[in-house]
1. Give me the residue from segment 12-67 that is of a type in the set (Lys, Arg) and modelled with pLDDT of 85 or more and, out of that set, farthest from His90 (Cα to Cα).
2. Within segment 11-35, which residues are part of a helix (DSSP H, G or I) and in contact (Cβ under 8 Å) with a residue 24 or more places away in the chain?
3. Take segment 37-48 and flag every residue that is within 17 Å of Glu98 (Cβ to Cβ) and surrounded by fewer than 18 Cβ atoms within 10 Å (Cβ to Cβ).
4. Go through segment 74-100 and report how many residues are in a strand (DSSP E or B) and either small (Gly, Ala, Ser) or farther than 22 Å from His40 by Cα (or both).
5. Report, by residue number, each residue of segment 36-73 that is within 9 Å of the chain's Cα centre (by Cα), among the hydroxyl-bearing types (Ser, Thr, Tyr) and in a helix (DSSP H, G or I).
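The values are calculated or read from the model by the stated rules, or taken from the named source; none is laboratory data. On a predicted model such as this, the values are computed, not experimentally measured, just so you know. Note that each Cβ is placed from the backbone with ideal geometry, even for glycine, and that neighbours are counted across all protein chains shown.
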Amino acid sequence: MCAARSAGATPHGELHILLGDRASHGQGVGTEATRAMLSHGFRDLNLHRIYLFVLDSNAVARRMYEKAGFRHEGTLRDAVFKNGAYGDVHLMGLLAPEFLSA
């Protein structure tokens, strides 16, 4: 599942992606879906900025987002409670000029 939503009148979008099928992990499906959503957001929807939130514990996703061009913009400390413990959530963002010039 992959979704993007616009943040009101501001030309920004939030990216969400979930690969529920563990067999598809490590096969490039997330990378391909992310690149397709970024292209659609910046080229078709004329968004200026796309951002996302990712768990600190999800190092694979963080690396994939960095490869797609996202930059770390901040950390929400102890923002999620999962598996009996609090964990950090990172905010990452990508601007249209960064994506379109790559």
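1. Once the filter is applied, the top-ranked residue is Arg43.
2. Selection gives Gly30, Thr31, Ala33, Thr34, Arg35.
3. Within segment 37-48, Ser39, His40, Arg43, Leu45, Asn46, His48 qualify.
4. 16
5. Hit for segment 36-73 is Tyr65, nothing else.
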